[in-house]
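The values are calculated or read from the model by the stated rules, or taken from the named source; none is laboratory data. For clarity, every value in this text was computed on a predicted model and none was experimentally measured. Glycine gets a Cβ as well: all are built from the backbone with ideal geometry, and neighbour counts include every protein chain shown. Remember, those area values only see protein heavy atoms, side chains included, never the ligands or the DNA or RNA. Shrake-Rupley method; radii C 1.70, N 1.55, O 1.52, S 1.80 Å.
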Amino acid sequence: MLKLYRSIMSASDPLLTRLLNKRLKAGKEDPARLSERKGIAAKERPGGKLVWVHAASVGEAQSALILIDSLLARSPKLNVLVTTGTVTSATLMARKLPPRAFHQFYPLDHPEWVQTFLDHWKPDLVFWMESELWPNMLAGIHKRNIPAALVNARLSKRSYRNWKLVKSSISELLGVFQVILAQTEVDAKYYRKLGASNIVVTDNIKYSAKPLPADESELKKLSMACTGRPVWLYASTHAGEEAMACRIHEKLKATQPDLLTIIAPRHPERRLEVLSVCDTHKLKGRLRGHSHDLPTIEDDIYIADTMGELGLLYRLAPITCIGRSFSHDGGGGHNPIEPAQLRCAVLHGPHVQNLQEIFDAMNDAGAAIQLRDESDFTETLRRLFEHKNYREEMQAEAYIFAQEKADVLPRVLGAIEPLLANLWLEDKACA
């Protein structure tokens, strides 16, 4: 199977180029950096040791930041290359990466593009985040004898069943990693059945993330603009969820006439689409925009169409529903730990398969509430608004859960210590 894949990819240059051009027209690629997707570097390789961390998109990139900070703290001479595959994640990395860490787009899995990438960067150690496996790149890493670890590894039941059909292929790919750090015992069981070895269960590194930051002056302005109003946030929404938020807002206004619903779309470029949904429901919407417009008492829906401000919104709104748990695309959920760290009462829909274990743990601990449907969503919000003690209890349970889970990073660092020790020893030998 892998041999066939590599043969197809070797002849796929025109097809992949057309794919990139199509993505470019759709706004899914950065025109100034398109060559990076073909493995052509936009930067010189820094001297000394280089650790490469690959994180497919925004969620994995957030997790990677936790690891990157710890790695850089270990050695003042170390540099970290971070790759992702989406424009949104690249924007996030540009804003959040610390000194001595830098971003490049991940190349598509064409063998020549992979070789160009590896020949230029020559990483000394590779950390692959979560579960995205690209055969040609992993083969290149193996051929060059570069130590590698799969960090925060997860595998859904569906993915396990699919990979089981090509067990010999997945076993070969997983054999590239010296150690696999699984999020749960279930993930570890799936990886073992697929032929992986040297698996350590560390829990989800997302638990160790620092609370999202917020601009205190902006928080003060927003808080003053919302004084006296009941506020809730629908965070990282996808198509279908904004319309649901509007319908719920209409129903709750009967008992909460000053209600302010904040919608933070996962993809800010959908701002006009979201505003149109508000118009359809005859609700007054306001875009926050780059000028950071504030909501007025006449506004029903405040659309937070900015990047990097979820920390601000979680501090403002005492109640948060996690987006992509009711969406039209089948859902999957986004990170519920971030609002829990900032004392939000956390709600979510039934479709959270991408982070199922985290949501299950939070539900079991009383740190989150799973909503069955739109009616349940409406009534739960009504109860949280009308009963202050219940709302504050939910906020406290979420915060306690987040604090008790914050010790994952030391377990991760302990599991990868043999790889790091070799890196530091080589570094000293070269000094």
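Numbers at a glance
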{"quantity": "Which listed residue, of A243, A254, is surrounded by fewer than 19 Cβ atoms within 10 Å (Cβ to Cβ), without any contact (Cβ under 8 Å) to a residue 60 or more places away in the chain, small (G, A, S) and not in a loop (DSSP other than H, G, I, E, B)", "calculated": "A243"}
{"quantity": "Looking only at the range 16-32, and only at residues there that are touching a residue at least 60 places away in the same chain (Cβ under 8 Å) and more than 22 Å from the chain's Cα centre (by Cα), the one that is surrounded by the fewest Cβ atoms within 10 Å (Cβ to Cβ)", "calculated": "L19"}
{"quantity": "Residues being modelled with pLDDT under 95, at positive phi and either open to solvent by 10 Å² or more (accessible area, probe 1.4 Å) or touching a Gly at 6+ places or on another chain (Cβ under 6 Å) (or both) - total across the range 322-339", "calculated": "1"}
{"quantity": "Number of the condition not met by H103 [criteria: (1) in contact with a helix residue (DSSP H, G or I) (Cβ under 8 Å, 6 or more places away or on another chain); (2) touching a residue at least 24 places away in the same chain (Cβ under 8 Å)]", "calculated": "(2)"}
{"quantity": "Meets criteria (in a helix (DSSP H, G or I), of a type outside the set (S, T, N, Q) and within 30 Å of R288 (Cα to Cα)) for M137", "calculated": "no"}
{"quantity": "Those residues of the range 384-409 which are within 24 Å of G240 (Cβ to Cβ) and either out of contact with any Leu (no Cβ under 8 Å at 6 or more places or on another chain) or open to solvent by 50 Å² or more (accessible area, probe 1.4 Å) (or both), in sequence order", "calculated": "L384"}
{"quantity": "Restricting the range 2-15 to residues that are in contact (Cβ under 8 Å) with a residue 12 or more places away in the chain and not basic (K, R), the residue that is surrounded by the most Cβ atoms within 10 Å (Cβ to Cβ)", "calculated": "M9"}
{"quantity": "Selection count where residues are open to solvent by 30 Å² or more (accessible area, probe 1.4 Å), among the hydrophobic types (A, V, I, L, M, F, W, C) and either under 30 Å from E338 (Cα atoms) or modelled with pLDDT of 95 or more (or both), scope the range 410-431", "calculated": "1"}
{"quantity": "Helices (runs of 4 or more DSSP H) lying entirely in the range 143-228 (those with 3 or more residues that are touching a strand residue (DSSP E or B) at 6+ places or on another chain (Cβ under 8 Å) and either buried (at least 16 other Cβ atoms within 10 Å of the Cβ) or free of Cβ contacts under 8 Å to residues at least 60 places away in the same chain (or both))", "calculated": "185-193"}
{"quantity": "Residue list for the range 257-276, restricted to those being open to solvent by less than 40 Å² (accessible area, probe 1.4 Å) and touching a helix residue (DSSP H, G or I) at 6+ places or on another chain (Cβ under 8 Å)", "calculated": "L259, T261, I262, I263, A264, P265, V274"}
{"quantity": "Some residue of the range 282-292 being closer than 19 Å to E392 by Cβ and open to solvent by 20 Å² or more (accessible area, probe 1.4 Å)", "calculated": "no"}
{"quantity": "In the range 257-271, the residues that are over 20 Å from Y314 (Cβ atoms) and either over 27 Å from the mean Cα position of the chain (by Cα) or in contact (Cβ under 8 Å) with a residue 40 or more places away in the chain (or both)", "calculated": "P257, D258, E269"}
{"quantity": "Evaluation of V53 against (1) closer than 26 Å to N152 by Cβ; (2) open to solvent by 40 Å² or more (accessible area, probe 1.4 Å); (3) not in a helix (DSSP H, G or I) (one fails), failing number", "calculated": "(2)"}
{"quantity": "Condition check for H103: in a helix (DSSP H, G or I), at pLDDT 95 or above and at negative phi", "calculated": "no"}
{"quantity": "Conditions (1) more than 20 Å from V408 (Cα to Cα); (2) open to solvent by 10 Å² or more (accessible area, probe 1.4 Å); (3) of a type outside the set (A, V, I, L, M, F, W, C): number failed by T83", "calculated": "(2)"}
{"quantity": "Meets criteria (out of contact with any Leu (no Cβ under 6 Å at 6 or more places or on another chain) and either of a type outside the set (A, V, I, L, M) or part of a strand (DSSP E or B) (or both)) for G311", "calculated": "no"}
